Amino acid sequence: MKTLAFLSAFLLVGACATQSHKEKIQSIKNSVQIIEQKDVMEYASTITINELKSHLYFLASDRFEGRSSGSNGQKLAAEFLKRYYTKESISAPNGGDYFQSIPGSYFGNGFEDTENVYAYIEGDEKPDEVLVISAHYDHMGIQKDGKVYYGADDDASGTVALMEMAQAFKLAKKQGKGPKRSVLFLHTTAEEIGLQGSRFYTENPAFPLEQTIANLNIDMIGRVDTYYERNGRSDYLYLIGSDRLSTELHFINEAVNQTYFDLELNYTYNDEDDRNRYYYRSDHYNFARNNIPVIFYFNGEHADYHRVSDTPDKIDYNLLMKRTRFIFATAWQLANQDRRIAVDKN
């Protein structure tokens, strides 16, 4: 009888503890309040197919020679981004020149100097708190036979998404509508050789990492992967890492989607046992390893992944626009809600 009584008491305590955890999670979910819905949609609508397409066709062209880190093509791409932000009157952080220079010695023997490119919109109310939105602009260069790795999806799609989101945030600021927190648009280099540009940034941040509230990282959002193509569906996006460090971040992203877009959000690759290990394979990881909440937005691999056939004509520009608007709306929420998101996991 004593054994049974003890076991019953243990089970009761365990059930209460489980319920308490569930209640806590539900409370976090219930606390998410989507803000400024009219403003979000007004500025999201300035992200257009035509501008995304124009930027992407230019960036994923022969002119940039595959954008391999340290190459002439990568440096031309960096100058292209700098000219864009200058034209849009979006400043570089800390009065800089948009380039965060990385010496070749940082990577080891055989590498050339390269640079991250970043632009910055200062927050109106909480400027010391910074949201980082990132995408890598480097790719794989040129094959020995002279064929170019265009990298239209990987990751010109993410690069042009950043450009359009920055323009939308700038217009909102010009019209007196925030953001409350600062937003850094970080175009990383050297992702294709081991996430080196983002590692350099997190070791040499423009703003203290403890003031970085989250990183939204975009790497391939312009295509439909093999699984969804086979099943005749396209209105989806894979999310990785959203709940790894912040329960609140995950629910904010879910609520934004439900409010505005109704994409199918697929968490298959967020499984800690995922054999692809995508959580560790793009630039968000260098933020996550510094305890900064992250979301990695990804359309999955397709037949042209890391091939010279990853060309601009294969991008679904309507889908790219919808996904970019979705990420912008999540960024708006994070930049403008009253308090910064909580880190409740590690």
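Some notes on this structure:
- Checklist (1) at positive phi; (2) surrounded by 14 or more Cβ atoms within 10 Å (Cβ to Cβ); (3) in a helix (DSSP H, G or I) applied to residue 64, failing item: (1)
- Residue match in the stretch 316-338 (condition: touching a Pro at 6+ places or on another chain (Cβ under 6 Å), modelled with pLDDT of 95 or more and either surrounded by 16 or more Cβ atoms within 10 Å (Cβ to Cβ) or within 18 Å of residue 235 (Cβ to Cβ) (or both)): yes
- Count - residues of the stretch 119-172 that are more than 20 Å from residue 92 (Cα to Cα), assigned to a loop (DSSP other than H, G, I, E, B) and either touching a residue at least 40 places away in the same chain (Cβ under 8 Å) or among the hydroxyl-bearing types (Ser, Thr, Tyr) (or both): 7
- Selection of the stretch 173-205 for residues being outside any helix (DSSP H, G or I) and farther than 20 Å from residue 282 by Cβ yields 175, 176, 177, 178, 179, 180, 181, 182.
- Of all residues in the stretch 259-272, those that are free of Cβ contacts under 8 Å to residues at least 24 places away in the same chain and farther than 20 Å from residue 41 by Cα have Cβ atoms under 9 Å from Cβ atoms of residues that are of a type in the set (Ser, Thr, Tyr) and in a helix (DSSP H, G or I), 6 or more apart or on another chain, in 272/279.
- Lone qualifier among 204, 215 - being surrounded by 24 or more Cβ atoms within 10 Å (Cβ to Cβ) and in contact (Cβ under 8 Å) with a residue 60 or more places away in the chain: 215
- Within the span defined as the stretch 282-296, one or more residues are small (Gly, Ala, Ser), in a loop (DSSP other than H, G, I, E, B) and touching a Leu at 6+ places or on another chain (Cβ under 8 Å).
- Number of residues in the stretch 91-118 that are more than 24 Å from residue 180 (Cβ to Cβ), touching a residue at least 60 places away in the same chain (Cβ under 8 Å) and not charged (D, E, K, R) equals 8.
- Output for the stretch 67-104, where each listed residue is part of a loop (DSSP other than H, G, I, E, B) and either in contact with a Cys (Cβ under 9 Å, 6 or more places away or on another chain) or modelled with pLDDT of 95 or more (or both): 69, 70, 71, 88, 89, 90, 92, 98, 103
The values are calculated or read from the model by the stated rules, or taken from the named source; none is laboratory data. Quick caveat: nothing in here was measured; it's all calculated off a predicted structure. Note: ideal-geometry Cβ built from the backbone for every residue, glycine included; neighbour counts use all protein chains shown.
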